[in-house]
Amino acid sequence: ALQRRMELRDRTVATELNAHLLQKWWLLSSIPPIWSSVLRATVLEVFRKRREEFRLYETRIAALLLSLPERDAEELLVALWPEWGDEVGFQVTALLMGTPKTKGLVAKALDQPQTCDAVLDMAKSVMLVTWPHINREEVLPIWLDRYAPYLPRVSQKTLGRLYLLCQSPNTWRWYERHVRLLLKAESCTEVHRAMELTSVQTNCPQDRDQ
């Protein structure tokens with residue numbers, strides 16, 4: 001019943017949810033449409049007490065936080081960083097959220113090539129999915145611009161997968177501008193060579209990401 005009310009965007013469920021969320025933690029994924037600041041303390045408690053379960057759902061946790069209002073999501077991220085800051089999923093969230101505070105939190109991880117590669121690889125996985133409460137078409141160009149400055153630090157393997165994100169003329173231009181020059185010849189597959197901008201334009205007549 002709670003989940004159905006959440007799906008119907010019944011904001012009156014927020015206070016009631018506080019009494020159930022610790023045990024029914026999977027309801028977190030349905031929180032964005034009914035988000036209220038009254039849930040903040042309970043959500044923090046759930047993260048702190050359910051850490052082992054949550055480690056299995058890092059990309060979903062990143063998507064959840066990125067679905068919330070930016071100011072509230074930033075406050076949650078900052079509050080949880082002492083316990084969760086070493087988790088790649090949280091580092092991905094900080095990178096894609098892209099506020100001055102969250103960029104400061106993740107700066108150390110992104111300064112190290114190995115951890116930077118892990119963060120950008122998982123961020124690619126988050127950006128590939130169309131999440132229920134995120135307008136991917138709207139946020140993908142923003143996320144890609146926040147992602148781009150760190151590309152010189154990542155592996156050829158990670159670079160070689162980024163074409164999967166770029167299925168529209170605009171995102172393919174981003175790929176040409178930021179990725180192509182970093183990709184070594186031996187890392188280019190036939191797929192890369194075939195995906196010229198003219199081909200993308202032919203297959204995507206509308207300037208959008210599907």
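Quick notes on this one:
- The residues S29, S67, sorted by heavy-atom accessible surface at 1.4 Å with ligands and nucleic acids left out, run S29, S67 from largest to smallest.
- For region 51-118, a/c is not less than 1.5, where a ≥ b ≥ c are the root eigenvalues of the C-alpha gyration tensor, and a/b does not top b/c. That puts it in the oblate class.
- Taking A118, A73, A41 as the candidate residues, the one with maximal mean-square fluctuation in a Gaussian network model of the chain, Cα springs under 10 Å, is A41.
- Estimated FRET transfer efficiency when R0 is 35 angstrom, pair E176-T15 (beta carbons, to 0.05): 0.10
- In this structure K157 has an accessible area near 140 Å², from a 1.4 Å probe over the protein heavy atoms.
- HN-Hα J in Hz across region 38-55 - Karplus 6.51, -1.76, 1.60, θ = phi - 60°, x for Gly and Pro: 5, 8, 4, 4, 5, 4, 4, 5, 4, 4, 6, 9, 10, 4, 4, 5, 5, 4
- S125/V38 FRET efficiency (R0 41 Å; Cβ-Cβ; nearest 0.05): 0.80
- With DNA, RNA and ligands ignored, accessible area of Y57 (1.4 Å probe; Å², nearest 10): 90 Å²
- Over 29 Å between alpha carbons, listed pairs K108/K184; K49/K157; K124/K184; K24/K108: K49/K157; K24/K108
- Available extension along the chain between E52 and S155 is 34.2 nm, counting 0.36 nm per residue and deducting the alpha carbon span.
- Nearest 10 degrees, 0 to 90: helix 70-84 Cα axis against the chain principal axis: 90 degrees
- Judged by the ratio a/c of the largest to the smallest principal axis of the C-alpha gyration tensor, region 83-162 counts as oblate, that ratio being 1.5 or greater while a/b is no larger than b/c.
- For the chain, alpha-carbon Rg over 2.2 N^0.38 Å: 1.11
- Annotation: amide H of I134 has no partner in the under-5 Å range at sequence separation 5 or more or interchain, hydrogens built in the peptide plane.
The values are calculated or read from the model by the stated rules, or taken from the named source; none is laboratory data. No experiment lies behind these values; they were computed from the predicted model shown. Every residue, glycine among them, receives a Cβ derived from its backbone with ideal geometry; neighbour counts consider all protein chains shown. For accessibility, only protein heavy atoms count, side chains too; no ligands or nucleic acids. Shrake-Rupley method; radii C 1.70, N 1.55, O 1.52, S 1.80 Å.
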